[in-house]
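Comments concern the structure below.
The values are calculated or read from the model by the stated rules, or taken from the named source; none is laboratory data. This is a predicted model, so every value here is computed, not measured. Note: ideal-geometry Cβ built from the backbone for every residue, glycine included; neighbour counts use all protein chains shown.
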Amino acid sequence: MQLLAMRWALALLPVALCVAGLDAARAANAQPPYQVDLRVVDAGLEAEFRLGSATDEFRFDALADEIRARSWSVITCNLVLDQDSIRSRKQRKFSRFTLLIRPDPAGHDQPYPVLQRVGADGYLLYTPHLLTSTMNAAPQIRVRLRRGLIALAGGGKHPKREPLQFLPTDRYVFIGPIDYVSLQAHSATVAPPEMPAWLTLTAINAMEHVVTQYAQRLDERLSTSPLLVLQHSDEGADALWRGDTTPGYTISLRFSGSAWRQNAPPLRAIVTSFIAHEAFHFWNGEAALSRDSATQPWLHEGSAEYAAESIGMDGREPGPAPVMQQLEECRSALQDAPLAGQAGRSGLAPYSCGALLFRAADHATKPATESGFFELWRRILQRSRAQGGVYGVNELRDLLAGPHTRPEATEIFDLILGGGADRWQTIAQDLHALGIE
Ligand SMILES: [Zn+2]
């Protein structure tokens, strides 16, 4: 069985989190520049746009142009979708138009998919793709639902099984059968009945476990319950998976391949560590946000990776550290380039090099009985609360500069963040000196 991780998809997180959102109440009270009415139809979602005034052109964000070309069509006569713009064929002004938005058959490109199918009757909509790029104010997005369907978004006190009338404009929203939704003690889950039962159960248990564990270790409870949206398709034989996290503490996990039908320990381990990685972003990407997320993604990605390794799942102890693999991945990703530069932003570099750095920090600061890593993050989050919920590389380096930190860790940070082809031997020696094998 071939297992392929689509880890680049996780790197989308900080971009999505930078988008400011409107909650339902604010959306209902504000004066929106335009309205979007959504309706579920057989082929997807019908979206009727009603603009505040007539215009020659309505322009969307160009980011999703390729997705629109594949899966959107204009229903209104004499209007066309031309890349990111709706225009009149006859050069006339218009003030309303209707689109048919179908699920994207490719479904896995950056940016986030606009619309994904969830089971036979549900959809996951990424609402930012319905916004125009020419106005700062957000529209009012409403959804009309048949009996038995629900619109559900994360971010409230607890995602309830009550339909939303106005959709938030910055996150994933599930639109589909209410029967797909289940509420747990600390989270809510959307899982269509076609999902392999073991997979749904494993994901739910992992989410409940990590959310309580992280809250305890970081001494910070989440202000809302996360929403987990699960999908599976039998397409292909190999077990593939990808996922992303948007505001509203919402995680979308997409599994494909018939291999997922079989409950196997390696697959269970993938699911649990995948969720543990994504859930750490609730703290390091939503409760607090890295000001360096665009330039130094290793800070939020590497820490999520190391948190997932460290937390211990299914009552098991954390697994053996894949440190040599991470060192090799980091070395081949960077060669002689610095992690704090361009090379550190792509491929495996943020994950492998970042996890390696947090492993070094963990070992270098850990007292005999306490986790250095989680204590470090507890303090970073504590500091961020006094700075408007923001943290960055400087805060981490400050905390590591204390007298109790082993000097080998500081050297590893300097070497990996800086450049040089001849540093890898020294890094390996320093890891060894810290007891990391
Ligand atoms: Zn991530």
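Residue-level check: of (1) in contact with a Leu (Cβ under 9 Å, 6 or more places away or on another chain); (2) at pLDDT 95 or above; (3) away from the ligand (no atom under 15 Å from the Cβ), Pro266 misses just (2). Residue check: Ala276 meets all listed conditions (1) surrounded by fewer than 24 Cβ atoms within 10 Å (Cβ to Cβ); (2) within 11 Å of the ligand (Cβ to nearest atom) but one, namely (1). Comparison of Leu45, Leu81 shows that the only residue that is within 26 Å of the chain's Cα centre (by Cα) and closer than 15 Å to Val114 by Cβ is Leu45. Of the helices (runs of 4 or more DSSP H) that lie entirely inside the stretch 334-437, those containing 3 or more residues that are over 28 Å from the mean Cα position of the chain (by Cα) and surrounded by fewer than 17 Cβ atoms within 10 Å (Cβ to Cβ) span 424-433.
No other residue among Tyr123, Tyr112 is at pLDDT below 90, of a type in the set (Phe, Trp, Tyr) and surrounded by 20 or more Cβ atoms within 10 Å (Cβ to Cβ) apart from Tyr112.
Taking the stretch 285-302 as the region of interest, how many residues are within 11 Å of the ligand (Cβ to nearest atom), farther than 10 Å from Gly392 by Cα and within 12 Å of the chain's Cα centre (by Cα)? Looking only at that region, the number is 2.
For every residue, the table says whether it meets (1) at pLDDT 95 or above; (2) of a type outside the set (D, E, K, R); (3) under 24 Å from Thr245 (Cα atoms).
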residue	(1), (2), (3)
Trp283	yes, yes, yes
Ala287	no, yes, yes
Arg291	yes, no, yes
Gln296	yes, yes, yes
His300	yes, yes, yes
Ala321	no, yes, no
Ala361	no, yes, no
Ser371	no, yes, no
Val393	yes, yes, yes
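The set of residues in the stretch 223-249 that are at pLDDT 90 or above and part of a loop (DSSP other than H, G, I, E, B) comprises Pro226, Asp234, Tyr249.
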